[in-house]
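Please treat every number below as a calculation from the coordinates, not as lab data. On a predicted model such as this, the values are computed, not experimentally measured, just so you know. Every residue, glycine among them, receives a Cβ derived from its backbone with ideal geometry; neighbour counts consider all protein chains shown.
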Amino acid sequence: MTVTDTPKIILVMGITGVGKSHLVREVSGQDIKVGHGLNSCTQHIEEVCCEINGQSVLILDTPGFDDTERSDFQVLTEVADYLARLYKDDFRVSGILYLHNILENRVRGSALKNLQIFEKLCGEDSLQNVVMLTNRWGMMDEDQALEREEELKTEYWNLYLAAGCKVDRYRDKSDLDRIFESILCYRPAVLQIQRETVELNKPLDETAAGEVVNAELAKQEQIQREALEAMAEIQDRNTQEMKAAVEEEQMGLGNKKKQYEDDKLLKSREQQLAEKAAREAIERENMRLAEENEQREARLQQERIQWEQLQAELALEQARLYAAREHQRNMESRRRRRPFWKF
């Protein structure tokens, strides 16, 4: 069989850790690096050349938009630049595989963000070249997996399917062989990001995909800014209350001192007994004021403790959320450590 020289180009996309590199290694038969931890394995676009049914194929293993080392905009920049070079060199993309873990019972967080960027990167006109591919079917009950697939098709992928996108299942290598062979028959397409950056000469942040990334970044910055503003407001309020209490106390003491001095000038020596009584009254008043001051300081100390507890609770919540993500990724990592033939 004669191998066709001009390669068919197939993109493999999906979130970090979903199994893109394993899929590429499986279909190409090449020993490429496959990640088994929480960190992203594919840091840059990996080019893998192979032959399928006598056809030269270039598979592009792309990093996820939740890369552990780089921002989403950095990843988008690399993918957009690469696709722009392909377009300028008169190469077209034959197919795009978007890999999704069927074990995920909800499309949210980084998975939803990846999907939104992916949609804008491809564009509606190119969705007929897209295959939404689910993997890890052997790791859960078949009926439950079918229910989740139906949920994906009706709630998240329905618009893609209406535009000509396909849905398929990756259980073993025979599925991959069948899917890749069918993609070779697709008419190559021009992706929306290629039209925007090459034909329309748009800056990346003005493209549809770039706007999604920027919107997500702005949302995260707004959340952080609101949290910092709330913390600053509480701290400022406590500071102002403490300052007002101190000023009030100083004013009270100053007034009492002036009154005492005026009384002392007006009273004669014959009023010594009265002066003694007045001094005793002042001492008692000072003791009362000191006690009130101590109580006020105790309240302020309690408020500071409550403020520190609030900060600790915020830090604990952040740690809990991080631990939850770590736990989820550890679970996925343990699943990925299973031999690939169990997927």
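Brief remarks on what is shown
- The angle between the Cα long axis of helix 208-266 and the main principal axis of the chain comes to about 0°, on a 0 to 90 degree scale.
- Among the listed options (1) 6, 25, 33, 23, 10, 3, 0; (2) 5, 23, 33, 26, 11, 3, 0; (3) 5, 19, 23, 15, 8, 7, 6, 6, 5, 4, 2, 1, 0, the one matching P(r) over Cα pairs in 10 Å bins from 0, in percent as calculated from these coordinates is (3).
- Residue among 140, 331, 287 with the largest mean-square fluctuation in a Gaussian network model of the chain, springs linking Cα atoms under 10 Å: 287
- Annotation: the antiparallel percentage among DSSP beta bridges lying fully within the chain is about 25.
- Scattering curve values for the range 54-119, log₁₀ I(q)/I(0), Debye with Cα scatterers, q = 0.11, 0.26 Å⁻¹: -0.34, -1.29
- Short to long, the 5 Å bins of the Cα pair-distance histogram for the range 226-335 hold 2, 9, 12, 12, 10, 9, 8, 7, 6, 6, 5, 4, 3, 3, 2, 2, 1, 1, 0, 0 percent of all pairs.
- Highest-first packing order for the peptide set 80-91, 214-225 is 80-91, 214-225, based on the mean count of other beta carbon atoms within 10 Å.
- Helix axis angle, 173-183 relative to the chain longest principal axis, alpha carbon, degrees: 80 degrees
- Placing unit charges on each Cβ (+1 for Lys and Arg, -1 for Asp and Glu) gives the chain a dipole about its Cα centre, and among 167, 6, 27 the Cα reaching farthest toward its positive end belongs to 27.
- Crossing angle, helix 72-88 versus the chain [Cα axis fit, 0-90 degrees, rounded to tens]: 30 degrees
- Per-pair calculated FRET efficiency, R0 = 41 Å: residue 306 and residue 215 via Cβ, rounded to 0.05: 0.70
- Highest mean packing first, where packing is the average number of other Cβ atoms within 10 Å per residue, the peptides 199-210, 302-313 line up as 199-210, 302-313.
- For a straight C-alpha distance cut-off of 14 angstrom, the aspartates and glutamates reachable from residue 256 (same-chain residues fewer than eight places away being disregarded) are 248, 280, 283, 285.
- Rounded to the nearest 20, the Cβ-based charge dipole of the chain about its Cα centre (Lys and Arg +1, Asp and Glu -1) stands at 680 debye.
- Point-charge dipole on Cβ atoms (K/R +1, D/E -1) for the range 187-266, about Cα centre, debye to 20: 100 debye
- From the alpha carbon centroid of the range 285-316 to that of the range 179-203 is 64 Å.
- Kirkwood Rh and Cα Rg combined as Rg/Rh, the range 155-250: 1.39
- When each of 113/202; 120/173; 113/219; 20/173; 8/120; 120/202 is checked by Cα-Cα distance, pairs over 18 Å: 113/202; 120/173; 8/120
- Charge dipole (the chain, unit charges on Cβ, about Cα centre) - positive-most of 218, 144, 259: 144
- Zone residues, the range 110-133, relative to residue 153, backbone N less than 19 Å from point 7 Å out along Cα-to-Cβ: 127-133
- Proximal aspartates and glutamates relative to residue 166, as straight alpha-carbon distance under 17 Å, when same-chain residues fewer than 8 apart are discounted: 119, 124, 125, 149, 150, 151, 155, 175, 177, 181
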